[in-house]
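The values are calculated or read from the model by the stated rules, or taken from the named source; none is laboratory data. Computed from a predicted structure; not experimentally measured. Heads up, the Cβs are rebuilt from the backbone with ideal geometry, glycines too, and the neighbour counts pull from every protein chain shown. The area values use the complete protein model at the heavy-atom level, side chains included, leaving out ligands, DNA and RNA. Shrake-Rupley method; radii C 1.70, N 1.55, O 1.52, S 1.80 Å.
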Amino acid sequence: FPVITGRDGAGEVIAVGKGANPSLVGKRVCFLAPRGVGTWCEKIALPDSEAVPFPDSLSFDEAASLPLAAISAWIAIARTANVAPGMRVLIHAAAGGIGSLAVQLARIRGAEVIGTCSHANVDFVRSLGAEAIPYDKTQFDEAVRDVDVVLDVIGGDVHRRSYGVLK
């Protein structure tokens, strides 16, 4: 202590240091701060390469919620699983931060996507382009078979049962 926590953030660039891109001043940006640099503060200094402008259609809160979840979804879907057209992908917690972004990334990459979620979130998951399986009404391993990839951010019993739905 004192320690400032947080990794994701969003704000307006008020100044740049030597060698940084001066066109960022005044821009609304979101970012994932380097380890050891907390974001739960009023001002933060970070490399300009870490600051990504975001559209006016997003609030600061919405933009700040994206970096870590989006990077996690991207690494899982694009880098690790290399999801490609024609693949079948099961995404657990498809209404959550990582899950909802993973559904969209997998769909963009041409996959057929199945997502688990609560019954209350079925319409939301369907609106993202996935078949929705409400875990509070249906056991996913009784409804799904022959998937190429499972993205599991839950673990435990869900993880063990997921092996049975893979090709």
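Descriptive notes on the structure:
- Residue among Ala94, Gln139, Leu105 farthest towards the positive dipole end of region 88-167, charges placed on Cβ: Leu105
- Treating each Cα of region 98-167 as one equal point scatterer and applying the Debye formula with no solvent, the log10 of I(q)/I(0) at q = 0.11, 0.28 Å⁻¹ comes out as -0.23, -1.51.
- Protein accessible area in region 1-111, 1.4 Å probe - carbon and sulfur %: 59
- Helix axis angle, 97-108 relative to the chain longest principal axis, alpha carbon, degrees: 70
- Kirkwood radius and radius of gyration were both taken over the C-alpha atoms of region 10-93, and their ratio Rg/Rh is 1.06.
- Volume per residue of the convex hull around the Cα atoms, evaluated for the chain, comes out as 149 Å³.
- Accessible area of Ser59 in the full protein assembly, 1.4 Å probe (Å², nearest 10): 50
- Cβ-placed point charges (K, R +1; D, E -1), dipole of region 1-137 about Cα centre in debye, nearest 20: 380
- Set of aspartates and glutamates near Lys43 by C-alpha distance (under 14 Å), chain-local residues within fewer than 8 positions excluded: Asp8, Glu12
- Counting DSSP beta bridges with both ends in the chain, the antiparallel % (nearest 5): 40
- Euclidean distance between Cα centres, region 79-102 to region 1-63, Å: 27
- Solvent exposure of the chain as accessible area per residue, Å², 1.4 Å probe: 59
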